[in-house]
1. If R₀ is 25 angstrom, what is the calculated FRET efficiency for the pair GLN64 and LYS103, using the beta carbon separation as r and rounding to 0.05?
2. Quick check: pseudo-label points 7 Å beyond the Cα along Cα→Cβ at ILE43 and LEU84, how many nm apart are they?
3. Mean residue ellipticity at 222 nm from the helices of the chain, using -39,500 (n - 2.57) per DSSP H segment of n ≥ 4 over the full residue count, to the nearest 500 deg cm²/dmol?
4. Might you tell me the accessible area per residue for the stretch 16-93, computed with a 1.4 Å probe and given in Å²?
5. Could you tell me which chymotrypsin sites (Phe, Trp or Tyr not before Pro) in the stretch 1-82 are loop residues by DSSP with no more than 11 other beta carbons within 10 angstrom of their beta carbon?
6. Need one number: convex hull volume per residue for the chain, Cα atoms only, in Å³.
7. For the stretch 24-73, what is the convex hull volume of its Cα atoms per residue in Å³?
8. Percent of Cα-Cα pairs more than 15 Å apart in the stretch 66-117, please.
Amino acid sequence: ESLLGEATRVLGLCWKEHDVDVAGGLSMADALTAAGEALRRGIPVPCAVGPTAGAHSRHIVLLQLYVAGKNRAWQLYDPFSSELLWANEGDLLGKAELPFANKRDRCVTRVVLPQRLRTVF
């Protein structure tokens, strides 16, 4: 969060981490809505994935959102394994197995969403 904040401060952005589908966190539907808004503005969204809610195993980045009619697909990138793939929104909401080679990480467990700074330093 702080590294992202320093890197993007000149753009007028700060970042806030949100756990997904845990008490006090965002629902997956709300997280995807907020991430979709950021992607529409051209801002990639860092995330964590894991086997269950609250367990953060790996970091990924949401790069794109593709909408065709009622269907929505998200482009996911794992910078450590260099895997780039598409996942259907229904799979993300239903916590179905993500299409990464590592089948242990089944769901998005945290999103880091951009926010506008009130003032730019």
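1. On the way: r = 23 Å, r/R0 = 0.92.
Working from the Cβ atoms, E equals 0.60.
2. 2.3
3. Details: 3 runs with 25 residues, N = 121.
Taken over the chain, the calculation gives -5500 deg cm²/dmol.
4. Values: 4040 Å² over 78 residues.
Per-residue accessible area for the stretch 16-93 comes out at 52 Å².
5. On the way: sites: TRP15, TYR66, TRP74, TYR77, PHE80; in loops: PHE80.
Counting only loop positions with at most 11 other Cβ atoms within 10 Å, the chymotrypsin sites (Phe, Trp or Tyr not before Pro) in the stretch 1-82 are PHE80.
6. Details: hull volume 13.1 nm³, N = 121.
Each residue corresponds to 108 Å³ of Cα convex hull volume.
7. Working: hull volume 4.6 nm³, N = 50.
It is 92 Å³ per residue.
8. Numbers: 721 of 1326 pairs.
Result: 54 percent of Cα pairs exceed 15 Å.
The values are calculated or read from the model by the stated rules, or taken from the named source; none is laboratory data. Worth saying up front: this structure is predicted, and the values here are computed from it rather than measured. Backbone-built Cβ (ideal geometry, glycine too); neighbour counts: all protein chains shown. Accessible surface is based on the protein model in full, side chains and every heavy atom, while ligands, DNA and RNA are left aside. Shrake-Rupley method; radii C 1.70, N 1.55, O 1.52, S 1.80 Å.
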